Amino acid sequence: MKQGKQSWLFQNGVYIIDTATVSGPKEKQGPLGSTFDYSYEKLHCDGKTWEQAEQNLLSKATNLCMEKSGIREDALDLIVSGDLLNQNVTSNYVARDYSSSMLCVFGACSTSMESLAIAGSLINSQDNQFALAATSSHYATAERQFRYPTEYGGQKPDTATSTVTGAGAALVSSQTSHIQVEGATIGQVIDYGAQDPLDMGSAMAPAAANTILQHLTDFNREVNDYDLILTGDLSSVGTPILKKILYQSGVDIETVHDDCGLMIYHQDQNIFAGGSGCASSALVAYGHVIQQLRSGNLNRVLVVATGALLNPTMMQQKESIPCIAHGVVLKRSDAI
Amino acid sequence: MITKDNYQQSIKPYQPKPNLIQNCIKAFVVGGLICVVGQGLTVLYMEMFGFTAKEAGNPTITTLILIAAILTGFGVYDKLGQFAGAGSAVPVTGFANSIASAALEHKSEGLVLGVATNMFKLAGSVIVFGTVAAYVVGLIRFTAQTILGS
């Protein structure tokens, strides 16, 4: 049901049966490397092309998720999936292997939580029993579509981010489990006029701030109600800007905030200001966060996936970058 | 106070500034070293094949292009580019890298529509403006010569 201005409360009980995370080689070497279900040893991820590589990531994640959940494929009502590539090719090509309905979504790097929020809502409506929320991103496919050829020797500034190679999937259901999807806050498109596609942290920070403030208002909650407020890929540039904007609005998230893009890699892994991409929030939320919720180290987490709705043609036409952020509340549940 | 109206200004302190002096030194050293290699090749061609300095120019450039294309294929040139910036982008090796990297990238779409169509994606603008500039300079020179009557 609608909660406040932009939020949904899943009052009928929405749960994550299980999740799966699949990463590339660089992510495996990072601090969260051991939390992933599977990691490819090479960036090509057993594919002949980069696009096939990303499909293999997503396909592996969705298959693993179904396998771990122990749900038969014909019981799956719906897939909600999206990625960064034109026409969402990764998601659509992977969905060919499934016989369930498919809803394709695009929210740039916020797709992870957008798909989870939509899946949650469709389960909460009690019209569906099992929905799979999935997303992926790949360093090389994103580079070639949004920037330059991967081997091009151009110099990137320190504000740039590095696209995370990986995929994550979550099976959402009305059946109880240890992880409850309590609700979601759907973001507005926010554009503060940032025009630098190599500084998406700055561009996305206002969108993240807007969604977090709206979430706290809609649910009438305080920062202390959360053990962790996680943003998707604000990087080391956008993170302090987010904190500053929120602080000015009387909200101090310093003690509970972390950014997925800053958690995935070690600082010496040549990733500039941090990781980005749909897989940034998906790998951390569906891996580390779910495990921490299960073990009881965390009780309630707000994951705010941030997306820069960037288009290279619009950039060349000197337009600014519209951004969006979607938040989903994951909660440890004793319902089972 | 960060607001929508002053956003670009007020977030400047949070955006890391490029270290211009350090970048200039790196570009100077790497760009200079590439030129030293080029000079070495010129001398080599003059000594070994008896070319004049002018005749040795073309094989020198060709060899530099070959080296840059091979380094691009081995995934080295992009790392050099991140370190050296303009130092490795401005010489002919940077031009070769922009073509080789685009060609490699689009190999997956086939030889004609992939490699051939896309290989000048980045270098095309250099060729266009190079040709236009040569035309303009040639025209100025021709006009000056006609007027001055030399």
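The values are calculated or read from the model by the stated rules, or taken from the named source; none is laboratory data. Everything numeric here is computed off the predicted structure, so don't read it as measured data. When we count neighbours, we look across all protein chains shown, and the Cβ atoms used for this are built from the backbone with ideal geometry, even at glycine. Heavy atoms of the whole protein, side chains included, go into the accessibility calculation; ligands, DNA and RNA do not. Shrake-Rupley method; radii C 1.70, N 1.55, O 1.52, S 1.80 Å.
Listing for the model above:
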read-out	value
For B:Y45: the one exception among (1) at the interface with chain A (Cβ under 8 Å from one of its Cβ atoms); (2) in a helix (DSSP H, G or I); (3) open to solvent by less than 50 Å² (accessible area, probe 1.4 Å)	(1)
Breaking point among (1) farther than 28 Å from A:M204 by Cα; (2) of a type outside the set (F, W, Y); (3) open to solvent by less than 60 Å² (accessible area, probe 1.4 Å), for B:S10	(1)
Answer from B:G40, B:G50, B:G130 - the residue that is of a type in the set (G, A, S), away from every other protein chain (no Cβ under 11 Å) and under 16 Å from the mean Cα position of the chain (by Cα)	B:G130
Lone qualifier among A:V80, A:V105 - being surrounded by fewer than 22 Cβ atoms within 10 Å (Cβ to Cβ), within 18 Å of the chain's Cα centre (by Cα) and under 25 Å from A:V304 (Cα atoms)	A:V105
Residue that is surrounded by the most Cβ atoms within 10 Å (Cβ to Cβ) [pool: residues in segment B:74-119 that are in a helix (DSSP H, G or I) and of a type in the set (F, W, Y)]	B:Y77
Test: residue in segment A:114-121 that is among the polar types (S, T, N, Q), away from chain B (no Cβ under 14 Å), open to solvent by less than 10 Å² (accessible area, probe 1.4 Å) and within 21 Å of the chain's Cα centre (by Cα)	yes
Residue within segment A:221-229 that is within 13 Å of chain B (Cβ to nearest Cβ) and either basic (K, R) or outside any loop (DSSP other than H, G, I, E, B) (or both) present	no
Residue that is nearest to A:E151 (Cα to Cα), among those in segment B:125-135 that are open to solvent by less than 80 Å² (accessible area, probe 1.4 Å) and at pLDDT below 95	B:S125
Considering residues of segment A:296-315 that are open to solvent by 20 Å² or more (accessible area, probe 1.4 Å) and not in a loop (DSSP other than H, G, I, E, B) only, the residue farthest from A:L84 (Cα to Cα)	A:R300
Top-ranked residue of segment A:162-211 - restricted to ones that are within 13 Å of another protein chain (Cβ to nearest Cβ) and in a strand (DSSP E or B), ranked as nearest to A:V304 (Cα to Cα)	A:I190
Test: residue in segment A:140-160 that is within 13 Å of chain B (Cβ to nearest Cβ), small (G, A, S), open to solvent by 10 Å² or more (accessible area, probe 1.4 Å) and not in a helix (DSSP H, G or I)	yes
Residue check for B:K26: closer than 17 Å to A:E151 by Cβ and of a type in the set (D, E, K, R)	no
A:G24, sole failed condition from (1) touching a residue at least 40 places away in the same chain (Cβ under 8 Å); (2) farther than 26 Å from A:A131 by Cβ; (3) open to solvent by 70 Å² or more (accessible area, probe 1.4 Å)	(3)
Condition met for B:I21 (in contact with a helix residue (DSSP H, G or I) (Cβ under 8 Å, 6 or more places away or on another chain), away from every other protein chain (no Cβ under 12 Å), free of Cβ contacts under 8 Å to residues at least 60 places away in the same chain and not in a loop (DSSP other than H, G, I, E, B))	no
Residue count for segment A:34-59, restricted to those that are away from every other protein chain (no Cβ under 14 Å) and either within 13 Å of A:Y286 (Cα to Cα) or open to solvent by 70 Å² or more (accessible area, probe 1.4 Å) (or both)	7
Any hit, segment B:53-69, residues being assigned to a helix (DSSP H, G or I), hydroxyl-bearing (S, T, Y) and surrounded by 15 or more Cβ atoms within 10 Å (Cβ to Cβ)	yes
Residue check for A:S115: assigned to a helix (DSSP H, G or I), among the small types (G, A, S), free of Cβ contacts under 8 Å to residues at least 40 places away in the same chain and under 23 Å from A:S7 (Cα atoms)	yes
The one condition in (1) without any contact (Cβ under 8 Å) to a residue 40 or more places away in the chain; (2) in contact with a helix residue (DSSP H, G or I) (Cβ under 7 Å, 6 or more places away or on another chain); (3) more than 10 Å from chain A (Cβ to nearest Cβ) that B:N118 fails to fulfil	(3)
Residue list for segment A:237-260, restricted to those being touching a Leu at 6+ places or on another chain (Cβ under 7 Å), away from chain B (no Cβ under 13 Å) and crowded, with 18+ Cβ neighbours inside 10 Å	A:I253, A:D259, A:C260
Residue check for B:L66: under 30 Å from B:I25 (Cβ atoms) and more than 14 Å from chain A (Cβ to nearest Cβ)	yes
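Residue by residue, here is whether (1) modelled with pLDDT of 95 or more; (2) among the hydrophobic types (A, V, I, L, M, F, W, C); (3) on the phi > 0 side of the Ramachandran plot; (4) under 16 Å from the mean Cα position of the chain (by Cα) holds:
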| site | (1), (2), (3), (4) |
| --- | --- |
| A:N270 | no, no, yes, no |
| A:A279 | yes, yes, no, yes |
| A:V303 | yes, yes, no, yes |
| A:Q316 | no, no, no, no |
